[in-house]
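Let me begin by presenting the structure, written as structure tokens, before commenting on it.
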Amino acid sequence: MKFITAEVHSKILNQALFDQISKVKFLDGQYEEIPLVSRYSSVEFLQRYFCDEEVSLYLASIAQRLLLDSEAYFRKIYSSMNEKRLFSCLTFVDFDDEVDDVGFCIPNLFFSTSSTVEYLASSLCEIKNSSKFGTIYAPILEKEEVKVYRTTTAQGGINTDRIYLVF
């Protein structure tokens, strides 16, 4: 049995993910959303150590650290761009459906420009501790600087629910 962090670095935080992040372009009117993993099988090993709710929280913690690293990387790459124009956060797409289907949720790294996501200003929401999302992510949500936004968009006739965690 490997140490958890060793498996995380081989199955989750791998070069393919770093390559995806390094190709992000910050263009007005566009966003890029990169899932922490593209296959559920990549995180099955975590279920040997944690219950499903803990897997969700563990993945969000990994994604949060990677988001901070990415922000530092992009500040260097886009040093000539006004830092306030760069926007990044974690997103959770169709959270309830994913948790109901597989037991946990894969967070996404969301990158855009501040002007592109102005629509979030009207989408600030209060996540109740009694909700499934609020219960699972309580350790993250307890921090005062975390803002939660929620949007629902129609894509191809299907409504997509997206929760944004902004640090």
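Nothing in this text is a laboratory measurement; each read-out follows from the coordinates by a stated rule. No experiment lies behind these values; they were computed from the predicted model shown. Don't worry about glycine lacking a Cβ; one is built from the backbone with ideal geometry, like all the others, and counts go over all protein chains shown.
Odds and ends about this structure:
- Other residues whose C-beta falls under 14 angstrom from the C-beta of Lys23 contribute a net charge of -2, scoring Lys and Arg +1 and Asp and Glu -1.
- Charged neighbours of Asp94, selected by a Cβ distance under 15 Å, balance to -4 (K, R count +1; D, E count -1).
- With the simple spin-label model, which puts each label point 7 Å out from Cα in the Cβ direction, the Lys23 to Tyr73 separation comes to 1.3 nm.
- Calculated FRET value between Ser41 and Arg65, using beta carbons and R₀ = 30 Å, to 0.05: 0.85
- Charge context of Glu32, other residues only, Cβ under 10 angstrom, K/R +1, D/E -1: +1
- Cα-Cα over 21 Å, subset of Lys76/Lys147; Lys11/Lys147; Lys25/Lys76; Lys84/Lys132: Lys76/Lys147; Lys11/Lys147; Lys84/Lys132
- Straight-line cross-link partners of Lys23 among the aspartates and glutamates, defined as a Cα under 13 Å from its Cα and at least 8 positions apart when in the same chain: Glu32, Glu33.
- Per-residue 3J(HN,Hα) values for region 88-103, derived from phi via the Karplus relation 6.51 cos²θ - 1.76 cosθ + 1.60 with θ = phi - 60°, read 8, 6, 9, 10, 10, 9, 6, 3, 4, 4, 5, 5, 5, 6, 10, x Hz in sequence order (x marks Gly and Pro).
- Cα convex hull, the chain: 129 Å³ per residue, rounded to a whole number.
- Computed over the chain: relative contact order in percent, which uses C-alpha pairs under 8 Å that are six or more apart: 25 percent
- Translational diffusion of region 78-140, estimated by Stokes-Einstein from the Kirkwood radius over alpha carbon pairs at 37 °C in a medium of 0.692 mPa s, is 237 µm² per second.
- The calculated 222 nm mean residue ellipticity attributable to helices in the chain amounts to -10500 deg cm²/dmol, summing -39500 (n - 2.57) over DSSP H runs of n ≥ 4 and dividing by all residues.
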